[in-house]
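This report concerns only the one structure given below.
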Amino acid sequence: QVQLVESGGGSVQAGGSLRLACAASGYTHSTYCMGWFRQAPGKGREGVAAIRRDGTTNYADSVKGRFTISQDNAKTTLYLQMDSLKPEDTAMYYCTTLHRVGYCLDEYNYWGQGTQVTVSS
């Protein structure tokens with residue numbers, strides 16, 4: 001119903017930057033918000049950043065001031081600009097969509113295959 005394809009991951013040194021992108025297709029017109037979740041080995045999946053259709057954004061405390069979430073005008077492409085990366089940011093990053101009113105950093109209905117981000121010290 002909704003297809004999400006992430007790109008832009010890679011390996012960088014601490015302090016570096018990456019820009020992730022997510023291409024959304026399918027039944028996306030009812031999307032309440034889109035977001036980015038991440039999961040590190042041995043840890044649960046956590047919400048990183050989210051943006052609602054009205055442009056409101058939310059960030060996890062751990063990334064505030066370093067990450068920026070944005071969308072294109074058609075709201076079919078989602079971005080995550082990651083600056084001042086830290087080793088603890090190392091994780092698989094997933095693009096998500098939520099299709100009901102909810103807390104966008106905790107909930108999602110669809111997710112992509114993920115893109116790996118590795119930050120070395």
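Each row is one residue, and each column tells you yes or no for (1) in contact with a strand residue (DSSP E or B) (Cβ under 6 Å, 6 or more places away or on another chain); (2) open to solvent by less than 30 Å² (accessible area, probe 1.4 Å); (3) not aliphatic (A, V, I, L, M).
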{"site": "Tyr59", "(1), (2), (3)": "yes, no, yes"}
{"site": "Ile69", "(1), (2), (3)": "yes, yes, no"}
{"site": "Thr90", "(1), (2), (3)": "yes, no, yes"}
{"site": "Tyr103", "(1), (2), (3)": "no, no, yes"}
{"site": "Tyr110", "(1), (2), (3)": "yes, no, yes"}
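Give the residue, chosen from Gly65, Gly15, that is out of contact with any strand residue (DSSP E or B) (no Cβ under 8 Å at 6 or more places or on another chain), free of Cβ contacts under 8 Å to residues at least 40 places away in the same chain and not in a strand (DSSP E or B). Talk me through it step by step, then tell me what you get.
On the way: Gly15 fails: free of Cβ contacts under 8 Å to residues at least 40 places away in the same chain.
When all the criteria are applied, what remains is Gly65.
Can you list residue pairs whose Cβ atoms sit under 7 Å apart, with the first residue in region 93-121 being under 18 Å from Ile69 (Cα atoms) and in contact (Cβ under 8 Å) with a residue 24 or more places away in the chain and the second being open to solvent by 50 Å² or more (accessible area, probe 1.4 Å) and acidic (Asp, Glu)? Count only pairs 6 or more apart in sequence or on different chains.
Short answer, once both residue conditions are applied: Leu98/Glu107.
Which residue, of Thr118, Thr76, is modelled with pLDDT under 95, open to solvent by less than 60 Å² (accessible area, probe 1.4 Å), on the phi < 0 side of the Ramachandran plot and among the polar types (S, T, N, Q)? Before you say what the answer is, go through the steps one by one.
Working: Thr118 fails: modelled with pLDDT under 95.
Answer to the selection: Thr76.
Out of contact with any helix residue (DSSP H, G or I) (no Cβ under 9 Å at 6 or more places or on another chain) and touching a residue at least 40 places away in the same chain (Cβ under 8 Å): does that describe Ala74? Please lay out each step first, then the result.
Working: out of contact with any helix residue (DSSP H, G or I) (no Cβ under 9 Å at 6 or more places or on another chain): yes; touching a residue at least 40 places away in the same chain (Cβ under 8 Å): no.
In short, no.
Among the candidates Thr76, Thr96, which residue alone is within 14 Å of Ala24 (Cβ to Cβ) and out of contact with any Ser or Thr (no Cβ under 9 Å at 6 or more places or on another chain)?
Values: Thr76 fails: out of contact with any Ser or Thr (no Cβ under 9 Å at 6 or more places or on another chain).
Sole residue among the options that is within 14 Å of Ala24 (Cβ to Cβ) and out of contact with any Ser or Thr (no Cβ under 9 Å at 6 or more places or on another chain): Thr96.
Any residue that is under 15 Å from Thr115 (Cβ atoms), buried (at least 18 other Cβ atoms within 10 Å of the Cβ) and of a type in the set (Lys, Arg) - is there at least one of those in region 31-51?
Checking region 31-51: at least one residue is under 15 Å from Thr115 (Cβ atoms), buried (at least 18 other Cβ atoms within 10 Å of the Cβ) and of a type in the set (Lys, Arg).
The values are calculated or read from the model by the stated rules, or taken from the named source; none is laboratory data. These numbers were taken from a predicted model, which means no experiment stands behind them. Reconstructed Cβ throughout: ideal geometry from the backbone, glycine too, with neighbour counts over all protein chains shown. Calculation scope for accessible area: heavy atoms of the full protein, side chains included, ligands and nucleic acids excluded. Shrake-Rupley method; radii C 1.70, N 1.55, O 1.52, S 1.80 Å.
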